[in-house]
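The values are calculated or read from the model by the stated rules, or taken from the named source; none is laboratory data. The structure displayed is predicted, hence computed values, not measured ones. Note that we place each Cβ from the backbone using ideal geometry, even for glycine, and neighbour counts take in every protein chain shown.
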């Protein structure tokens with residue numbers, strides 16, 4: 001680790017920044033969530049451990065912070081290091097649990113407050129949208145998308161795509177276009193790591209990102225925290241290797257099956273032509289390796 005800082009996306013650093021400093025997580029949420037004008041978050045409290053929905057996957061690469069505002073809205077901020085097919089379903093499950101846990105038996109459903117799930121992904125998960133890194137999901141009417149049922153809102157931000165868009169000078173998506181803090185927070189999450197030796201003046205000049213940078217300084221962490229930090233990244237790498245290994249194995253198996261099916265189809269076509277030419281079925285069987293029954297059925 002050559003530089004002065006650690007990577008903010010790790011478990012110990014992410015929770016130290018956004019799980020211990022309410023004004024910083026509030027700044028991040030106001031910047032990245034599609035909150036209507038006049039409905040910005042003004043104060044938050046962290047959820048106590050017994051109120052936090054259990055994470056069913058128990059993966060080391062998942063980092064999350066949960067809080068709610070005095071008005072009742074709840075917020076889940078999650079860092080997902082490696083994309084997998086189950087991630088979106090797990091996000092829905094955790095947000096739904098946060099809704100359910102708001103009510104005790106017999107209470108009025110009108111007391112339910114919205115739950116916002118902000119998911120920062122250090123991977124590419126939405127392959128169909130190569131140039132879009134910001135994905136906003138709500139419960140909408142299929143024919144009239146402006147009609148929304150309030151209660152659940154999901155935002156996914158693909159950090160590698162943001163970095164690419166920034167480097168190539170692409171426009172920011174509409175919900176972020178007028179929010180300078182959104183760009184600053186995303187730059188903070190994508191530009192700062194163990195190799196960082198110089199920090200952009202914009203990040204240093206802003207009070208929130210400057211404070212977050214101070215929290216990221218290696219000198220602020222104990223030997224035990226630094227050990228946990230290294231263990232986290234080892235787990236992330238191991239999980240990514242396992243995911244890629246599973247993909248390659250599945251791809252190889254699928255390729256082998258496809259080649260075998262193609263070879264079989266070619267045998268059937270050749271056998272059909274031989275049959276049309278009047279060749280004996282036992283001869284065709286010897287040449288192609290097909291059974292007499294298969295050849296008879298052609």
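Run down 126, 188 and say which single residue is in contact with a helix residue (DSSP H, G or I) (Cβ under 8 Å, 6 or more places away or on another chain) and either outside any loop (DSSP other than H, G, I, E, B) or in the same structural domain as residue 99 (by TED's automatic domain parsing) (or both). First the steps, then the outcome.
Values: 126 fails: in contact with a helix residue (DSSP H, G or I) (Cβ under 8 Å, 6 or more places away or on another chain).
Of the residues listed, the single one that is in contact with a helix residue (DSSP H, G or I) (Cβ under 8 Å, 6 or more places away or on another chain) and either outside any loop (DSSP other than H, G, I, E, B) or in the same structural domain as residue 99 (by TED's automatic domain parsing) (or both) is 188.
Conditions tested, residue by residue: (1) touching a residue at least 24 places away in the same chain (Cβ under 8 Å); (2) closer than 16 Å to residue 74 by Cα.
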| residue | (1), (2) |
| --- | --- |
| 95 | yes, yes |
| 101 | yes, yes |
| 110 | no, yes |
| 122 | yes, no |
| 126 | yes, no |
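The residues of the range 102-121 that are outside any loop (DSSP other than H, G, I, E, B) and modelled with pLDDT under 90, listed by number, are 109, 110, 111. Can you confirm whether residue 255 is closer than 22 Å to residue 81 by Cα and either modelled with pLDDT under 90 or outside the structural domain of residue 296 (by TED's automatic domain parsing) (or both)? So residue 255 does not fit the description; no. None of 91, 77, 99, 25 is surrounded by 13 or more Cβ atoms within 10 Å (Cβ to Cβ), under 18 Å from the mean Cα position of the chain (by Cα) and either part of a helix (DSSP H, G or I) or modelled with pLDDT under 90 (or both) except 91.
Suppose the filter is assigned to a loop (DSSP other than H, G, I, E, B) and at pLDDT below 85; does residue 34 pass it? The answer is no for residue 34. Can you tell me which residue is surrounded by the fewest Cβ atoms within 10 Å (Cβ to Cβ) among those in the range 210-236 that are under 24 Å from the mean Cα position of the chain (by Cα) and in the same structural domain as residue 63 (by TED's automatic domain parsing)? Here the answer is 213.
Out of curiosity, is residue 136 part of a loop (DSSP other than H, G, I, E, B) and either touching a residue at least 40 places away in the same chain (Cβ under 8 Å) or in the same structural domain as residue 18 (by TED's automatic domain parsing) (or both)? No. Being assigned to a strand (DSSP E or B), over 30 Å from residue 109 (Cβ atoms) and in contact (Cβ under 8 Å) with a residue 40 or more places away in the chain, is that true of even one residue in the range 155-162? Taking every residue of the range 155-162 in turn, at least one turns out to be assigned to a strand (DSSP E or B), over 30 Å from residue 109 (Cβ atoms) and in contact (Cβ under 8 Å) with a residue 40 or more places away in the chain. Count of the range 5-22 residues, restricted to those that are surrounded by 16 or more Cβ atoms within 10 Å (Cβ to Cβ) and either within 19 Å of the chain's Cα centre (by Cα) or part of a loop (DSSP other than H, G, I, E, B) (or both), is 11. For the range 138-164, filtered to residues that are in contact with a helix residue (DSSP H, G or I) (Cβ under 9 Å, 6 or more places away or on another chain) and more than 17 Å from residue 186 (Cα to Cα), the residue that is surrounded by the most Cβ atoms within 10 Å (Cβ to Cβ) is 153. Being surrounded by fewer than 17 Cβ atoms within 10 Å (Cβ to Cβ) and either in contact (Cβ under 8 Å) with a residue 60 or more places away in the chain or in contact with a helix residue (DSSP H, G or I) (Cβ under 9 Å, 6 or more places away or on another chain) (or both) is a description that does not apply to residue 167.
If you go through the range 179-209 and keep only what is under 15 Å from residue 24 (Cβ atoms) and exposed (fewer than 15 other Cβ atoms within 10 Å of the Cβ), you end up with just 207.
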